[in-house]
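Asker: Got a structure for you, questions after.
The values are calculated or read from the model by the stated rules, or taken from the named source; none is laboratory data. Predicted, not measured: the structure shown is a model, and the values here were computed from it. Reconstructed Cβ throughout: ideal geometry from the backbone, glycine too, with neighbour counts over all protein chains shown. Just the protein is used for accessible areas: all its heavy atoms, side chains included, with ligands, DNA and RNA removed. Shrake-Rupley method; radii C 1.70, N 1.55, O 1.52, S 1.80 Å.
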Amino acid sequence: MSDTLAPWPHVLDVLTRKAKEWSLMNGLLGKKNEFEIAKTFMDHEALRSYLLEWMENCIRLGRKKSSDDSIKFRTKGNDAFKRHNDSASLSHYTDCIRYAPHGSEEHALGLANRSAVLYHMKRFKECVIDAEKALSLPYPDKLRTKLLLRQSRCYLLLGEREKCESTLKQLDRKLSDEPSNQSSSTADIKQEIHSILSELSEEQNYVRINRVKESLEECIPTLLSGTNSTFPSVSSALELKYSNTKGRFVITNQDVKQGDVLFVEKPYTFVVLPDQFKDHCHHCAKVLIAPIPCSVCVDVLFCSDECEKAACSSYHHWECGGISLMSAVGVAHLGLRIILATGPPSEILEKADIASQCSQADRKGIGCFQDSYSAVHSLIPHIEDMALDDIFQYAVTAELLSLFLIYKTDYFKEAGKSSREEQKALIQVRGLLLRHIAQLVCNAHAITKVDSDKSLPGFSDGSANAVVAETQQRIATAIYPSASMMNHSCDPNIINRYSYTLDVFNLYSLLSRIRNAIREHLCCSFFNEILIVKASRNIPKGEEVFNCYGPHFQRMGTAERQAALQAQYFFFCDCTACVSTPGESIDPTQERLWALKCSSCGGPLIQEAPGREPSGSKVLKNDSPNSHLMVCDKCGSHQPISNLVCDAFSALSLFRKGCEEMEKGDLQIALSNLNQCRELQERALYHVNKDLSATYDMLAKCYATLGNYSKSIEYLELMLPSIEEQYGANSIEVANELQKLSDVMLCNVRTMETIPPMQTLKSATKVVERGLSIFSVHYGKWNQGWQDLDKKLQELKLMEDMASCPTKST
């Protein structure tokens, strides 16, 4: 039996060709109802056989619990722990626990060993939990004394006095029961017990770890004017409206100020992406420290027993055992999760019936938000707008997942249901599954986080002066029915971060439109799985609230945006940005970001086009059609660009060489190439050109790695105008650059042998305060980026106080 499996996108392409041989496509013609479409495939034996075989192989090749694998990872963890590599040992011990058969000795050993790492990392709460679990399992008796001692020390540090005393008594009884010749370290252990008891009795020396109980209500921001009574998770300052031309849309019923919170919405449900399985809780998306694995499958991890219980009592007891299949089908997993999170067939079909009745009674769809599933059901699937091949591939994916539920779960085995009722439920659930998968093309949101680049020098060793690059990462895909009501604008009025949808996520690798089907809503921020939307500017009463579905006027030309939106979202955009620059292949702002440099005034050279000559332009007669003249957008002078283009290409080659040398660790050679590149680019490129900005960024990274922080600061400051030009002076992208700049500035002052000059401290403080101001508008005090900047500000203020104090004479 083969150990290789054809990827699902390849299978879909094969089946699309076979469908034409089987005349299946003809069966789809004229069927625009999801239930009719789903029923078309139910009785096709060749298709069913093909899907069942692929499904069986996919599940067979998935990861399984294994004592041998668990031991292998525990050994790796031990080696890393001996090298004092806490992050690596923590990861290996977690893998040991994941693969260990639940309740086995390997499971207990993995938990106990991980507790040792957590103790070393001062993660006392997590350490105690692991120790408690290990002691409840068949953990070797000869090792229990050491684990109980670690547990009591953690209770002491956590301020759990009664638990500490109870554990010490248990430990004392165990020592009393042990024959003296079985424990050579009994005296040392008793001395440690005495030490802990002494600390307990001496209140003034009693070490306490402040246990801050953060409730969700304390962390997330408050909606402007309270919560809307008819539009869930939305500010009362907003209303849901309907028109024949727009469909449903959102407007303000009062003046809204920049930074006001408009949406705070938990998803109806979400799925963590496969490459984030080890890092985020499958039930709440919280970052994992010491995850709790599913007792049956390897890949699913939770942050707490509560999340595990909630997931397993809902959707996971059906998904368990099929995670390899869920990972293979991509975002269609979310379509299935909507079904399973809603409940068994009887529940979801009842709710779907209510949703259909609501839609028929209220064609506008305004009243559908009285019930959470009805709100999801009311989202438009756009099946009638899709190409036949796309409909087929969605329907085949729905059929595959239906077969999984039929043959690998008890989902359709409801007590008291006849076979006829089960068959009816099969048809209806298939149709709903197809509907929800199709809805995701236009309504799926990406939950994102800012992640650190762990490959940078100084990161793995925990250096205080390490400069850490941050990147935006997608961690999960979710469905937010209320936020989905916002219409698109290429110039939105809610907080908009870097937001490309092109080439961001493969839905099934169908067509380019389908490949890019997830709406990457980086116009919002996230607290775990909760989506938070703020106003990016003042919005007058009665004005529509616009999101950006991806194509943004600062990143794409009008023609490209229009094509992307029409292909993916099935509408022609007539927003202000599109109307003001109709037919532009590239936005003027974008053109400046790639512009060559005018030799007369240093302005941007642009292409000439009818109706867009710059003010004061002196149109020269072009006798030579090969002279390649461009015009300066600032002074209007015309000039040849051949030499500038040659310099730009030479610089690009040097840039690539510099990056390659930096990856090898040859920083001096990298600097030589990058500085030569910079000299050519500063001569040939406009000062905010993105290529020049990339060179400044690499130079800053290189100098920071070498510890030359002042030089790194110089190039980061040179790069900032390009980011401001591209995204706006108050954009989150600028805030992220200020975060990076402040990192280097802090490294600079921390490494000074004497108290830093006041001017240096004030410059750093100014950068941090500006970053805090932008983060406050986009996020709030709950955000990790805001908290990091606030800590830097406190440190700088303390340094300023020290620098301002006069030196005392001896």
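Asker: Just to confirm the filter: which trypsin sites (Lys or Arg not before Pro) across the range 316-374 are DSSP coil and have at most 11 other Cβ within 10 angstrom of their Cβ?
Answerer: 363
Asker: Separation between the residue 750 and residue 197 pseudo-spin-labels, each 7 Å from Cα along Cα→Cβ, expressed in nm?
Answerer: Label at residue 750, label at residue 197, 4.2 nm between them.
Asker: Another one. Counting other Cβ atoms within 10 Å, keep those with at most 16, restrict to DSSP loop, and tell me which chymotrypsin sites (Phe, Trp or Tyr not before Pro) in the range 17-59 are left.
Answerer: In loop regions of the range 17-59 (DSSP not H, G, I, E or B), the sparsely surrounded chymotrypsin sites (Phe, Trp or Tyr not before Pro) are 22.
Asker: Relative to the Cα centre, what is the charge dipole magnitude of the chain, using +1 at the beta carbon of each Lys and Arg, -1 at the beta carbon of each Asp and Glu, and rounding to the nearest 20 debye?
Answerer: Result for the chain is approximately 360 debye, rounded to the nearest 20.
Asker: In nm², what is the average projected area of the convex hull enclosing the Cα atoms of the range 654-810?
Answerer: Computed as one quarter of the Cα hull surface, the answer is 11.0 nm².
Asker: Still on this structure, please answer the following. Work out the FRET efficiency for residue 357 and residue 225 from their Cβ-Cβ distance, taking R0 = 41 Å, and round it to the nearest 0.05.
Answerer: That pair, residue 357 with residue 225, gives E of 0.80.
Asker: What FRET efficiency, computed as 1/(1 + (r/R0)^6) with R0 = 45 Å and r the Cβ-Cβ distance, is obtained for residue 706 and residue 245, rounded to the nearest 0.05?
Answerer: For R0 = 45 Å, the calculated efficiency reads 0.15.
Asker: Highest first, please rank the peptides 323-330, 60-67 by the mean number of other Cβ atoms sitting within 10 Å of their residues.
Answerer: Ranking the peptides 323-330, 60-67 by packing returns 323-330, 60-67.
Asker: Let me ask you something else. Give me the accessible area per residue for the chain, probe 1.4 Å, as a whole number in Å².
Answerer: I get 46 Å² per residue for the chain.
Asker: For residue 141 and residue 176, calculate 0.36 nm times their separation in residues minus their Cα-Cα distance, and state this gained length in nm to one decimal.
Answerer: Extending this stretch completely gives an extra 11.2 nm.
Asker: Among 553, 659, 528, pick out the residue whose Cα is farthest towards the positive end of the charge dipole of the chain, where Lys and Arg carry +1 and Asp and Glu carry -1 on C-beta, about the Cα centre.
Answerer: The one lying farthest along the dipole's positive direction is 528.
Asker: What nm distance separates the two modelled labels at residue 310 and residue 36, each placed 7 Å from Cα along Cα→Cβ?
Answerer: Placing both labels 7 Å beyond Cα along the Cβ direction yields 4.1 nm.
Asker: Excluding same-chain residues fewer than 8 positions from residue 241, which lysines have a Cα within less than 16 Å of its Cα?
Answerer: Partners within reach: 364, 541.
Asker: Next up: Please express the shape of the chain as an equivalent ellipsoid: the semi-axes are the square roots of 5 times the eigenvalues of the C-alpha gyration tensor, given largest first in whole angstrom.
Answerer: 46, 42, 26
Asker: To continue, here is another question. Can you tell me how much longer the chain between residue 769 and residue 45 gets when fully stretched, taken as 0.36 nm per residue apart minus their C-alpha distance, in nm with one decimal?
Answerer: 254.0 nm
Asker: For the range 323-443, count the residues as N, evaluate 2.2 N^0.38 Å, and divide the Cα radius of gyration by that value, please.
Answerer: 1.06
Asker: Using θ = phi - 60° and the Karplus relation 6.51 cos²θ - 1.76 cosθ + 1.60, list the HN-Hα couplings for the range 563-569 in order, rounded to whole Hz, with x at every Gly or Pro.
Answerer: 5, 5, 5, 5, 6, 8, 10
Asker: Using 30 Å as the Cα-Cα cut-off, could you pick out the over-long pairs in 64/266; 76/286; 257/792; 76/133?
Answerer: 64/266
Asker: Now for a separate question. Sticking with the crude label model, points 7 Å out along Cα→Cβ, report the distance from residue 79 to residue 190 in nm, one decimal please.
Answerer: Result: 4.1 nm between the two label points.
Asker: Evaluate E = 1/(1 + (r/R0)^6) for residue 254 and residue 86, where r is the Cβ-Cβ distance and R0 equals 60 Å; express this FRET efficiency to the nearest 0.05.
Answerer: 0.70
Asker: Next up: Would you calculate, for the chain, the mean residue ellipticity at 222 nm contributed by helices, counting each DSSP H stretch of 4 or more residues as -39,500 (n - 2.57) and dividing by all residues, to the nearest 500?
Answerer: Calculated at 222 nm, the ellipticity per residue is -16500 deg cm²/dmol.
Asker: Enumerate by residue number the GluC sites (Glu not before Pro) in the range 747-810 meeting two conditions: DSSP loop (anything except H, G, I, E, B), and at most 14 other Cβ atoms within 10 Å of the site's Cβ.
Answerer: 753
Asker: Can you give the Rg to Rh ratio of the range 287-388, both from alpha-carbon atoms, with Rh computed by the Kirkwood formula?
Answerer: 1.06
Asker: Give me Rg over Rh for the range 330-400, both radii from the alpha carbons and Rh done the Kirkwood way, two decimal places.
Answerer: Rg divided by Rh gives 1.00.
Asker: Using a 1.4 angstrom probe on heavy atoms only, work out the carbon and sulfur share of the accessible area of the chain in %.
Answerer: Using a 1.4 Å probe with all protein chains present, the chain comes out at 50 percent carbon and sulfur.
Asker: Mind listing the Cα extents of the range 1-111 along all three principal axes, in Å, largest one first?
Answerer: Extents along the principal axes: 66, 30, 25 Å.
Asker: Would you kindly compute the Cα radius of gyration of the range 654-697 and its largest Cα-Cα separation (Dmax), both in Å?
Answerer: Reported Rg and Dmax, both Å: 10.2, 31.
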